[in-house]
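The values are calculated or read from the model by the stated rules, or taken from the named source; none is laboratory data. Just so it is clear, the structure is predicted and the values come from calculations on it, not from any experiment. Glycine gets a Cβ as well: all are built from the backbone with ideal geometry, and neighbour counts include every protein chain shown. For accessibility, only protein heavy atoms count, side chains too; no ligands or nucleic acids. Shrake-Rupley method; radii C 1.70, N 1.55, O 1.52, S 1.80 Å.
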Amino acid sequence: MASSMCRGIIGKGRRAAALGRSMSTASWWGHVEPAAKDPILGVTEAFLADPSPDKVNVGVGAYRDDNGKPVVLECVREAEKRIAGNLNMEYLPMGGSIKMIEESLKLAYGDDSELIKDKRIAAVQALSGTGACRLFADFQKRFLPDSQIYIPIPTWANHHNIWRDAHVPQRTFHYYHPETKGLDFAALMDDIKNAPNGSFFLLHACAHNPTGVDPSEDQWREISYQFKVKNHFPFFDMAYQGFASGDPERDAKAIRIFLEDGHMIGCAQSFAKNMGLYGQRAGCLSILCENEIQAVAVKSQLQQIARPMYSNPPVHGALLVSVILSDPVLKSLWLEEVKGMANRIIGMRNALRKNIENLGSNLSWEHITNQIGMFCYSGLKPEQVDRLTNDFHIYMTRNGRISMAGVTTGNVGYLANAIHEVSKAT
């Protein structure tokens with residue numbers, strides 16, 4: 001009987017323990033709140049839900065043709081044909097495709113770069129520009145744990161997320177001047193001078209996102225000089241090489257100036273915009289080192305950081321980039337196509353400004369054509385953006401950033417009229 005009672009007690013205990021585990025399991029994630037919606041992706045969601053036939057989406061950061069449709073470049077289609085069935089899909093090394101890295105470095109540092117020949121650049125394939133920035137941020141934290149990063153105001157919102165999640169403290173520096181809708185160069189230089197010696201700075205190599213405001217060549221030279229005086233480290237995010245002006249060499253000018261001045265630099269490259277490889281996540285991270293021995297060590301550490309993140313990068317986008325940039329005919333076609341994309345954006349800037357001015361606006365809209373790249377920082381206030389959405393079914397982020405890729409000959413007049421209407425009272 002005692003044995004029977006004991007078994008009963010044990011049985012009840014097991015059931016209670018099982019119930020406790022069940023309750024514990026049910027409440028493991030009960031404290032998790034929904035994440036805040038991404039402001040850019042939220043714009044697209046709202047646009048898709050709007051039944052209006054007049055709706056316009058100028059929030060998306062991806063190129064569209066003049067019919068508002070996504071584009072696959074002809075050079076990419078041809079590269080796809082060459083790849084199909086001819087190459088295996090084995091794992092890449094942790095550092096990625098050697099051929100893609102070689103071609104990426106030539107694009108950023110120059111075809112005849114002595115730095116490449118001297119093997120002074122540590123470089124790995126990355127998950128587009130985002131992945132390249134994150135790898136660098138983790139590298140910075142691991143090997144200079146007391147450092148911080150200076151980030152321009154404003155910048156691409158994900159920059160803050162990347163360095164935050166890498167646990168690198170952030171500071172900001174002046175960049176955009178709201179009154180002139182251009183560069184606040186004096187304040188920018190003051191911030192560079194006042195930052196502690198040896199600080200890290202995040203710089204947009206070209207087509208600054210979200211403002212479209214870039215320093216002039218002379219201003220870049222002044223910035224480079226002051227960086228040298230202060231021994232700052234420049235980390236360039238180059239997401240738009242070729243897409244900004246239509247000339248990859250011109251768009252790399254800032255980096256080349258810093259290299260001429262003898263800086264050690266870091267660079268994140270992306271082939272999302274300039275090749276239309278958005279979903280392929282094709283990019284490269286490079287860090288210039290003092291010599292080949294140092295470059296080998298740095299690359300080995302970058303690979304070690306990548307290993308527990310994603311082990312090794314995807315192969316398909318790397319093959320596309322490698323084939324296009326290494327084949328003279330395909331590269332020539334790509335240069336022609338990227339110039340065509342840039343020219344369409346520039347043409348839409350001219351058309352938007354002209355249409356607004358022709359409506360009799362008493363405001364200056366020259367910033368539309370002074371800025372460069374995919375985005376126009378319109379100067380519209382959040383409440384004006386809300387009215388564009390509510391009254392005209394035009395969707396953009398509330399900071400007034402217009403994606404010029406979404407502007408077409410078919411909607412530019414409608415967009416100009418709406419902007420004129422909401423800005424008349426100011």
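Which lysines does K354 reach when only Cα atoms under 22 Å apart count, and residues fewer than 8 places away in its own chain are ignored? Filter leaves K55, K181, K381, K424. Each of F271, L302, L285 was scored by the projection of its Cα onto the charge dipole of the stretch 256-305, and the greatest displacement toward the positive side belongs to F271; charges sit on the C-beta of Lys, Arg, Asp and Glu.
Can you give the extra length, in nm with one decimal, that the chain gains between V72 and L363 once fully stretched, where that is 0.36 nm per residue apart less the Cα-Cα distance?
Extra length from V72 to L363 when fully extended: 101.0 nm.
Here L48 and K193 are evaluated by their C-beta separation; at R0 = 56 Å the FRET efficiency comes out at 0.75.
Between E222 and D65, what's the calculated FRET efficiency when r is the beta-carbon distance and R0 is 35 Å? Round to 0.05. The pair E222/D65 has a calculated efficiency of 0.35. Alpha-carbon geometry of the stretch 237-312: the Rg and the Dmax are 14.4, 38 Å, given in that order. Think of a 1.4 Å ball rolled over the protein heavy atoms: the stretch 247-292 then has 31 Å² of accessible area per residue. Couplings 3J(HN,Hα) for the stretch 87-104, derived from phi with the Karplus relation 6.51 cos²θ - 1.76 cosθ + 1.60 (θ = phi - 60°), are 10, 7, 10, 5, 4, 7, x, 4, x, x, 6, 4, 5, 4, 4, 4, 5, 5 Hz, where x marks Gly and Pro. Note on the stretch 129-246: Cα-Cα pairs beyond 16 Å make up 59% of the total pair count. Taking only the C-alpha atoms of the stretch 294-335, the Rg (one decimal) and the largest Cα-Cα distance, Dmax (whole number), read 14.7, 38 Å. If you run the Gaussian network model on the chain, springs between alpha carbon atoms under 10 Å, then out of Y63, Y240, Y225 the most flexible one is Y225.
What does the charge add up to near K37, with Lys and Arg as +1, Asp and Glu as -1, over the other residues with Cβ less than 13 Å from its Cβ?
Values: positive: R398; negative: E33, D38, E45.
Net of charged neighbours comes to -2.
Just checking the listed ones, L105, L48, L325: in the Gaussian network model of the chain with Cα springs under 10 Å, the one fluctuating most is L48.
Seen from every direction in turn and averaged, the convex hull around the alpha carbons of the stretch 258-362 projects onto 11.2 nm².
Given Cβ point charges of +1 (Lys, Arg) and -1 (Asp, Glu) and nothing else, what value in debye, to the nearest 20, does the dipole of the stretch 364-426 about its Cα centre take?
For the stretch 364-426, the charge dipole is close to 100 debye.
A dipole drawn for the stretch 313-353 from +1 and -1 charges on Cβ atoms has a positive end, and of V323, I346, W334 the residue lying farthest that way is I346.
In percent, rounded to a whole number, the relative contact order of the chain is 24, using alpha-carbon pairs under 8 Å and six or more apart.
Subtracting the Cα-Cα distance of T409 and R164 from their residue separation scaled by 0.36 nm leaves 84.1 nm. For the chain, the Cβ-based charge dipole about the Cα centre amounts to some 1840 debye (Lys, Arg positive; Asp, Glu negative; other atoms uncharged).
Start at zero, step by 20 Å, and the Cα-Cα distances of the chain spread as 24, 51, 19, 5, 1 percent across the bins.
Roughly how many percent of the accessible protein surface of the chain is carbon and sulfur, given a 1.4 Å probe and a whole-percent answer? Working shown, then result.
On the way: 10870 of 20220 Å².
Within the chain, the accessible surface is 54 percent carbon and sulfur.
Of all the C-alpha pairs in the stretch 271-426, what % are more than 24 Å from each other? Every Cα pair in the stretch 271-426 considered, those over 24 Å come to 53 percent.
Subtract the Cα-Cα distance of R142 and E290 from 0.36 nm times their separation in residues, and report this length gain in nm to one decimal.
Values: separation 148, 0.36 × 148 = 53.28 nm, distance 1.93 nm.
In short, 51.4 nm is gained.
For the stretch 28-170, the equivalent ellipsoid derived from the alpha-carbon gyration tensor has semi-axes of 32, 28, 17 Å in decreasing order. Under a 5 Å amide H cut-off, with hydrogens placed 1.01 Å from N, G96 pairs with Q125 among residues at least 5 apart or on other chains. Every Cα-Cα pair of the stretch 181-283 was included, and the share exceeding 18 Å stands at 48 percent.
A cut-off of 5 Å between modelled amide H atoms, ignoring neighbours fewer than 5 places along the same chain, links F236 with L203, G266, C267, A268.
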